[in-house]
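Accompanying notes for the structure given below.
The numbers here are math on the coordinates, done by the rules we state, and not lab data. What you see is a predicted model; the values in this text were computed from it and never measured. Because the Cβ atoms are built from the backbone with ideal geometry, glycine has one as well, and the counts that use them run over all protein chains shown.
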Amino acid sequence: MSALTFTLRSAPAQRVDAGMLTPTALAGQAVSDIAAIMLKLGKRALRADELFDIAGDDTTDIVFRGDCSKLERIGAGMKSGRVTVDGDAGPYVGQGLLGGTITVAGSAGAFCATGMKGGRIDIVGNVGESAGGAIPGEMKGMAGGLLLVGGNAGDRLGDRMRRGQILVGGNAGDYCGTRMIAGTIAVAGTLGAYPAYGMKRGTLILNALPAQMLPTIVDCGAHRLGFLSLLYASWKGLPGPFGALDASACTVRRYMGDMAVGGRGELLVRG
Amino acid sequence: MSVIKLTGGRVIDPANGVDDQVRDLYIRDGRLIAAPDANDRISAEYNISGRIVMSGAIDMHSHIGGGKVNIAREMLPEDHRGDPVERTELTRSSCGHAAPGTLAAGYRYAEMGYTAAFEPALLPVNARQAHMEMGDTPMLDTGGYAMLGSDDFLLRMLAAKEDQQAINDYVAWTLHATQTVGIKVVNPGAISAFKFNQRKLDLDEQNAFYGITPREIVKVLSRAVHDLGVAKPLHVHASNLGVPGNVDTTLGTMDAAEGLPVHLTHIQFHSYGTEGERKFSSAAARIAEAINQKKNVSADVGQILFGQTVTASGDNMVQYRNAGHGSPKKSVIMDIECDAGCGVVPFKYKDQNFVNALQWAIGLEIFLMVDDPWRIFLTTDHPNGAPFTTYPHLIKLLMDRSFRNAMLDTINPDARAMSNLAGLDREYSLYEIAIMTRAGPAKLIGLADRGHLAPGAAADIVVYKEDADRERMFEKPELVFKDGELVVRDGRIVKVVRGGTHAVKPEFDIGIEKKIKPYFERFHSVRMNNFKISDDELCECGGGSKLIAHACRKRG
């Protein structure tokens, strides 16, 4: 068996919902059936084999090749298996992911990992805005699992995040951790303005203070927090800067907020 | 002239006492005729022998337009994302399960054989928008019941002890200004009381500011509607909705009309006792007995069915109390320009939840224990109890005892034990279903040329293929005609049409405007003359839909 590979015949001009091309949705289906799946391309419907060259037959290991930046919902809702994108991916990568792994060699669009509950997503490049955030109308963003971003994250990283971890190797945009309910976000690079706006609980781990901070985020002084050594140890071996942290370096400056909504969220700035 | 002939159908037309008789029907110029004359030629003939023929169904209580429906739509983008309706060559794209867009609502109603639906809670200040939305709802005739009872103008009149004549004039003026077909009162006076920090208001409890009780409001409004000669009895959403033990309030509200016609809406939510361990029980038997005895009372059920929906009500007092039970957890409770209020709370009815399961059983008990199908109506209070698309399922529950009992066996066992549903053997006949969904609503609202199939009636006709599975039968009629045009074939739209807007035009003394105008100038966000919707504007904002005006015979 070889990986089931979807190679785009040409980059689609309109958005395509690829949410049904996951190991979970395709389990047990013959390649001929998969070829006949109707996909929506803008307002048209197209057979999968009109859009893709399809090769391989292992539905637990799915690969997308070509310019996939118009493919939406790659790996959505899957329970197990592996999805790999050779280049860039569109928005909603891993929406509602329950298990398994998704790897994007390039960058991913907006709302990556929204509603994710388990599993792991590796984005080697950048992610768009609201990674791990809630799509409009939803009360929760990411609710479990691990999102690893090698590059930068856009604005509103982890908006309304409920549980799980997001580790960003590069920088994050404005309003990181807005309206966060719980969960952990770590950013190795710099942070945009006004993180933790409306944050109820949860943890942001930063290497430097953001340029602008809301007045409702308050300085609580320097602390040595033992749990950090356990957390760092759990990240050991992950790609990027967080896999190589010194587990004994757990002194941080602790800020709490957003005081406007109870203020039980924390920003831990590493010394 | 050209005539359409429907040949050999089994006609069920309760308004004319016709029960399953084979008859040919002729349609000319959008109307039924007795037989073609010498100048006519049959332009199309449909052989429908063996098929069941009824007039178009009428939903007399369905929230399809107005502020709160739009708020529900805005608040639930996931409801729209999760239920897309694709465009076809004929129909436009739309979306939505619990709070569908206007287009999806119109198409789905027509595809189930409905040709009219009435928005039961049209706030006067929102009337313009509600009519625009209903005008944008294809396939259906529409109309609204204007909501009074918590508006400051009426409460001021009552507090000042103004005479019934003045109140009648104000009610008639409101019907004209809002282009509506009836009057509704929602939790009488309590939407106002909520603003004075009252969190419940019993039937004989005074509004803290105006000193008016719900009983007085029901009394004067049912009198006004009657005096003006409006056919549709006062539409009452009684006090204490959803509160265990509210059966006494509901029975008291029936009496508050003092023998005049009164319609109690979504009565299932008002039929609760306080027996049992959990102090929540069915009082359907008492309610049904009262309806059977009091011939001035009619009711629609507001059946709940299990699944995700959204509750949208003018009753902000109840919705404020329920907001914590919302699923997903979000809600809107708001005042609407000091005219009334609005509360929208998404809700998921669960068959294993004791309260929800018992609510389901209570609704069915009421259906089965009320003897006269002319005075009980089939509704889910769309979308409050369930979306209207569940009607075929509900019809099957009423017509098929073994199916009903099989469903009963799957619900919460404690609720099952508290219900006498298993002991109710009644099965509705097709004739009774036709009364409940066609002849009854048309008679109640006063639509003389709808809901029946006699010569002269509008040719709103539905042809069903007989099927022992009543759900399958009613969800996909074979043919639907709207005003004589074939609009649905085999459950699919074949032609998109636009219905009309029903409104009543009672006589009144225009002198009442001398009082209303200064009130608007002092307190309102619009001037009186901008508030009123003219006939021309109604047709224009309804996208060219026509006004179907009904005269009233003054009784006062």
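Structure notes:
- FRET efficiency for A:SER248 and A:ALA193, using Cβ-Cβ distance with R0 set to 30 Å, rounded to 0.05: 0.40
- Prolate/oblate/rounded label for the range B:244-310 (Cα gyration tensor, a/c 1.5): oblate
- Burial ranking of peptide ranges A:179-190, B:101-112 (average Cβ count within 10 Å, highest at the top): B:101-112, A:179-190
- Antiparallel bridge percentage (DSSP; both residues within chain B; nearest 5): 55 percent
- Per residue of peptide A:128-138, the mean number of Cβ atoms on other chains within 10 Å of the residue Cβ is 2.
- DSSP bridge orientation in the protein assembly as shown - percent antiparallel, rounded to nearest 5: 45 percent
- In terms of other Cβ atoms within 10 Å, B:PHE153, A:PHE242, B:PHE118 run from fewest to most in the order B:PHE153, A:PHE242, B:PHE118.
- Charge dipole magnitude, Cβ of K and R +1, D and E -1 - the protein assembly as shown, Cα centre, debye nearest 20: 1600 debye
- Under a model in which nothing but the beta-carbon of Lys, Arg (+1) and Asp, Glu (-1) is charged, chain B shows a dipole of about 500 debye around its Cα centre.
- Ranking of B:HIS502, B:HIS235, B:HIS97 by count of other Cβ atoms within 10 Å, fewest first: B:HIS97, B:HIS502, B:HIS235
- Selected from A:LEU209, A:LEU148, A:ALA182, residue furthest toward positive end of dipole (the range A:107-270; charges at beta carbon): A:ALA182
- Computed Kirkwood radius, in angstrom, where 1/r is averaged over Cα pairs of the range B:1-150: 17.8 Å
- Cα gyration tensor shape of chain A, rounded if a/c is under 1.5, else prolate or oblate by comparing a/b with b/c: prolate
- Packing here is the average count of other Cβ atoms within 10 Å per residue, and on that basis the peptides B:398-410, A:202-214, highest first, run A:202-214, B:398-410.
- Value of Rg to Rh for the range A:169-271 (Rh from inverse mean 1/r over Cα pairs, i.e. Kirkwood): 0.95
- Expected 222 nm ellipticity per residue - DSSP helices of 4 or more, -39500 (n - 2.57), all of the protein assembly as shown, to 500: -6500 deg cm²/dmol
- Its convex hull of Cα atoms gives the range B:384-507 a direction-averaged projected area, equal to a quarter of the hull surface, of 10.7 nm².
- Remark: relative contact order (chain B) = 20 percent; criterion is Cα-Cα distance under 8 angstrom and separation of 6 or more residues.
- Between the range B:399-431 and the range B:180-198, the Cα center-to-center distance that results, in Å: 35 Å
- Theoretical FRET efficiency, 1/(1+(r/R0)^6), r = Cβ-Cβ of B:ASP509 and A:ALA13, R0 60 Å, to 0.05: 0.40
- Each Cα pair under 8 Å and six or more residues apart adds its sequence gap; the mean of these over the residue count of the range B:398-528 is a relative contact order of 11 percent.
- For B:ARG223, net neighbour charge (Lys/Arg +1, Asp/Glu -1) across residues whose Cβ lies under 15 Å away: -1
- Electrostatic tally near B:SER93: other residues with Cβ closer than 11 Å to its Cβ, Lys and Arg +1, Asp and Glu -1, net +2.
- Contact order normalised by residue count of the range A:107-270, Cα under 8 Å, 6+ apart, percent: 16 percent
- Net charge over other residues, Cβ less than 15 angstrom from the Cβ of B:HIS325 (K, R count +1; D, E count -1): +4
- In the calculated pair-distance distribution of the range A:108-219, the portion above 24 angstrom amounts to 11 percent of the Cα-Cα pairs.
- The range B:207-271 and the range B:73-132: distance between their alpha carbon centers, rounded to Å: 29 Å
- Above 47 Å, the calculated P(r) of the protein assembly as shown contains 34 percent of its Cα-Cα pairs.
- Unit charges on C-beta of K, R, D, E only; dipole of the range A:107-270, Debye: 520 debye
- Net lengthening on full extension, A:LEU46/A:ASP33 (0.36 nm per residue, minus Cα-Cα): 3.3 nm
- Residues B:HIS550, B:HIS452 arranged by fewest to most Cβ contacts within 10 Å: B:HIS550, B:HIS452
- Euclidean distance of C-alpha centroids, the range A:7-59 and the range B:1-43, integer Å: 52 Å
- Along the axis of the charge dipole computed for the range A:16-80 (Cβ charges of +1 for Lys and Arg, -1 for Asp and Glu, origin at the Cα centre), the listed residues A:LEU41, A:PHE64, A:LEU21 are led at the positive end by A:LEU41.
- For chain B, the square roots a ≥ b ≥ c of the C-alpha gyration tensor eigenvalues yield an a/c of 1.5 or more together with a/b not exceeding b/c, which makes the shape oblate.
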